[in-house]
Amino acid sequence: MTKSGASLSASGLGSLLGHLDPDAERAADAYQALRRVLVSFFTWRGAWVPDELADETLDRLAAKLERGLQVDDVRRFARGIARLVLLEFFRRPDVRALRADESELERLPAPAQPDPEPLRECLERCLAELPPESRDLILRYYVDQGRPKIENRRRLAEELGVSESALRNRAQRVRDRLERCTTGCRSGTKATRAVAT
């Protein structure tokens, strides 16, 4: 993407960091956090060069601050610049041409989806072949989402008398066995025996 000016200068970076936090270490952390927010902003809006656009946004922000622009909320101002950068990105001729090609592809009929039944049957069969303690672990490990999931896994690790890291390793080993088993089951091989201990 063509930048609006020169790359981020040392004085521009210093000005930006100073606006983020007077403490140098906290300012550096705040800079990285702001960059992650911007990368996520561009990623979720379908820009396929989110890092480049985040850097462009920070460059423009730093240049404005270096020129003495008074900004009350730097993070909010950065999001405003990011929206402009995104708009400019999607107006670029090469990007517009690529998006036009994508819209043509979207009009094509969708490929037939694989039948989920064989996978479900294989998964149930492979779960049934697991030792009871492994089956209980894997079913309990993948319960809930977000905070309840974290609490659930902490309780499970305490019950088993292992660290959360060791619990993750155990669950991964069981999951690997299940994946090998279901792959073998679906391909019609005898790999369902892979879950046997």
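The values are calculated or read from the model by the stated rules, or taken from the named source; none is laboratory data. As the structure is a prediction and not an experimental result, all values here were calculated from the model. Using ideal geometry, Cβ is built from the backbone for each residue, glycine included, and neighbour counts are taken over all protein chains shown.
Looking only at the range 145-164, filter to residues that are small (Gly, Ala, Ser) and assigned to a helix (DSSP H, G or I); which one of those is surrounded by the fewest Cβ atoms within 10 Å (Cβ to Cβ)?
Of everything passing the filter in the range 145-164, 146 is surrounded by the fewest Cβ atoms within 10 Å (Cβ to Cβ).
When you scan the range 102-149, how many residues do you find that are modelled with pLDDT of 80 or more and either under 23 Å from the mean Cα position of the chain (by Cα) or on the phi > 0 side of the Ramachandran plot (or both)?
Residues in the range 102-149 being modelled with pLDDT of 80 or more and either under 23 Å from the mean Cα position of the chain (by Cα) or on the phi > 0 side of the Ramachandran plot (or both): 1 in total.
Going through the range 56-68 one residue at a time, which ones are surrounded by 12 or more Cβ atoms within 10 Å (Cβ to Cβ) and without any contact (Cβ under 8 Å) to a residue 24 or more places away in the chain? Steps first, answer last, please.
Taking the range 56-68 and keeping what is surrounded by 12 or more Cβ atoms within 10 Å (Cβ to Cβ), we get 56-66.
Correct list: 64 only.
Is the range 26-38 home to any residue that is loosely packed, with under 12 Cβ neighbours inside 10 Å, modelled with pLDDT of 90 or more and of a type in the set (D, E, K, R)?
yes
Limited to the range 161-177, what total is found for residues that are in contact (Cβ under 8 Å) with a residue 12 or more places away in the chain and among the aliphatic types (A, V, I, L, M)?
3
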